[in-house]
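So the structure is just underneath, and the comments pick up after that.
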Amino acid sequence: MIRLPRPRSARPACPPRHFWPKTLPLATAVALWGLGGAQLSAQDMTVGKGALRLGGLAAPSSLLRHAPTAMPAPQRGRAGLSLDSHDGLGGLGGLGQAAQDADPTLLYAAFRKEIGAPLIPQAEAASQAEAVPAPAVALQRPSAKAELSEGSLNTALTWLAVMAGPSNFAPIMAARAGEDTAIYITGGTADLATLAKAGLPGLYAVEDGVVVERPLVLWNDAALRMEPGETLYLSRAAGAFVLAFGTLELQGATIASTRPVNPHLASYEPFVTVAGQGVLLAEHAAFIGLGAQGSTNGTGSVGTTGMGAMAGLSISSGLLYHAEETSRISESQFLDVAELRVEGVDGFSLTDSQFEGRTREGVVLRNLAKAEIRNVAFRTTGSASALELAGLRQSRIEQNSFAAGSGGILVSGGSQALRLRQNMLLKPLATGLEIRDSRCVLVEQNLVVGAGTTALRLNHADAVTIHQNGFLQARTAAVELVDMAAGGLSLSDNLMAHNREGLRGDRPARLHLQGNRLAAQFPRLMSGPVASQQPAWLAAQKAHTALSLTTPTAAPSVAPSCEGI
């Protein structure tokens, strides 16, 4: 079984986040970095006696299409991430030795020691106290008992387009073979027992929950609450999904797709979308097999263009309707979920959770403020960016881990006032961290090892502070600068080692260099136009002084005012 975190009252005190289990291989332990000691082992992911167990939530395995496979047995040394002295970390003292041992505790602790950061930074407690978004007040649920009835699917989809913007609904109608009937929940609070007793076509009870064979629409005057051990099965064959304009709450519960293929659209997968005034509250929850992975358009297939609402799990709002509460996901599991998409809402929190298996786009956040992504482990395949952030403001991405083979972090779309702090990326497929068309970004105490291309790429960015990071073994450059003629960059106290190049690309309009660790950076320190500053940089390094450069331009470049970081 997948061991979900136990209820808060039964959990032991979490160890400090830089202490990892020493009995796991590096790739596994790093994937669990920041999960407060939660462990995932081969014994935790088993199918037996006809039931798949997800943290104590029993589900008939015959219903589930997406079942976890056993993880490899614990290994050490080169079998973990192949990081040893032959791979270019020799000569870095404790960090090189920790890499040879493939011990995650030693690796990150050695990195912090190399950059001169204390194991528990003084600012960390203050950072946790200031975490955003602020804790929400107690949610007010409808006190009345909800009513269940049959209604028009087209009406619900029309309201979805009004509340969250247009989307491509053709795959839904194709999977439903044109049938216009949905199940409505209105006027109060419902639970799975309410659904099981409703007596409506398309709903039937199983041992641990309810199977839904029609679209389930939760209107804005209603709430659906799922209790520990319950599972809501969405029939893939029947084209089922959940559309929530009200409150959807999962406490230790599961939403999963069923096994049989849809006869009308083979690539159809059930999904959950929360829109308009809707709110999602998920704690100790599991989401399994949601959202189409995407394929070419044509008979029996569905493309990925315009699929926002059908992403897998989506939360969105438009200009006219906004939720009064912040959607929050904590201590939850995502297995083979094509995409978690959050768009246009005011505040969002994703903490202490895990993503496993196949994905199309990973986690996508667009056009929102006060988002928090903290303590999340990514062990996914299929996307170059496991975490895509576009148009974010006043948000924090902290203490997340990305296992070997996962995508990296992409910041774009005019994002500003962001913190990327204490994230760890091991052997990302391509770029580890990319900041594009954004400004006022703090990149601090992150560790990127073995990037497929560049560890950190800045593309038309401004007012970026890069402080106390570790960029190791990138196949190209540790830091790459693209279209930075009008941008500003501060690079201080970073460790660059055994990348093909240290710093390459354009010379930014404003450049500040101070205290970077370069002794193990070879074969090349700088390349491209910025390389003209290499003699001055090395001289400043030798004198232990800062180097600040300003490029004369036709229009003077002025550093923006960065507030809210």
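The values are calculated or read from the model by the stated rules, or taken from the named source; none is laboratory data. As the structure is a computational prediction, the values presented were derived from the model and not from experiment. With ideal geometry, Cβ positions are generated from the backbone for all residues, glycine too; neighbour counts draw on all protein chains shown. Protein only, heavy atoms only, side chains kept; ligands, DNA and RNA dropped before computing areas. Shrake-Rupley method; radii C 1.70, N 1.55, O 1.52, S 1.80 Å.
Miscellaneous remarks
- Among the residues listed as 520, 477, the single one being within 26 Å of residue 425 (Cα to Cα), in contact with a Leu (Cβ under 6 Å, 6 or more places away or on another chain) and in contact (Cβ under 8 Å) with a residue 40 or more places away in the chain: 520
- Pair list, Cβ < 7 Å and 6+ apart or interchain, from region 227-239 residues that are aromatic (Phe, Trp, Tyr) to residues that are assigned to a loop (DSSP other than H, G, I, E, B): 233/63
- Any strands (runs of 3 or more DSSP E) falling wholly within region 438-488 and containing at least 1 residues that are farther than 20 Å from residue 422 by Cα: 456-459, 462-467, 477-482
- Residue 274 meets all of the listed conditions (1) more than 22 Å from residue 328 (Cβ to Cβ); (2) open to solvent by less than 10 Å² (accessible area, probe 1.4 Å) but one, namely (1).
- Qualifying residues in region 360-382 (those that are part of a loop (DSSP other than H, G, I, E, B) and open to solvent by less than 10 Å² (accessible area, probe 1.4 Å)) - the one nearest to residue 406 (Cα to Cα): 376
- Filter pass, residue 215 being out of contact with any Leu (no Cβ under 8 Å at 6 or more places or on another chain) and at pLDDT 95 or above: no
- Residue under evaluation residue 201, criteria (1) in a loop (DSSP other than H, G, I, E, B); (2) open to solvent by less than 40 Å² (accessible area, probe 1.4 Å), criterion not met: (2)
- Qualifying residue in region 115-132 (condition: of a type in the set (Val, Ile, Thr), at pLDDT 90 or above and open to solvent by less than 20 Å² (accessible area, probe 1.4 Å)): no
- Residue match in region 378-395 (condition: β-branched (Val, Ile, Thr) and at pLDDT 95 or above): no
- Of the residues making up region 536-552, those that are part of a strand (DSSP E or B) and closer than 12 Å to residue 507 by Cβ number 2.
- Filtered residues of region 489-507 (kept if touching a Ser or Thr at 6+ places or on another chain (Cβ under 7 Å) and closer than 23 Å to residue 416 by Cα): 490, 507
- Criterion applied to 404, 417 was being farther than 23 Å from residue 488 by Cβ and surrounded by fewer than 23 Cβ atoms within 10 Å (Cβ to Cβ), and the one residue passing it is 404.
- A search for C-beta distances below 6 Å between a residue of region 444-462 that is basic (Lys, Arg) and any residue that is part of a strand (DSSP E or B) and modelled with pLDDT of 95 or more, counting only pairs 6+ apart in sequence or on different chains, returns 457/434; 457/480.
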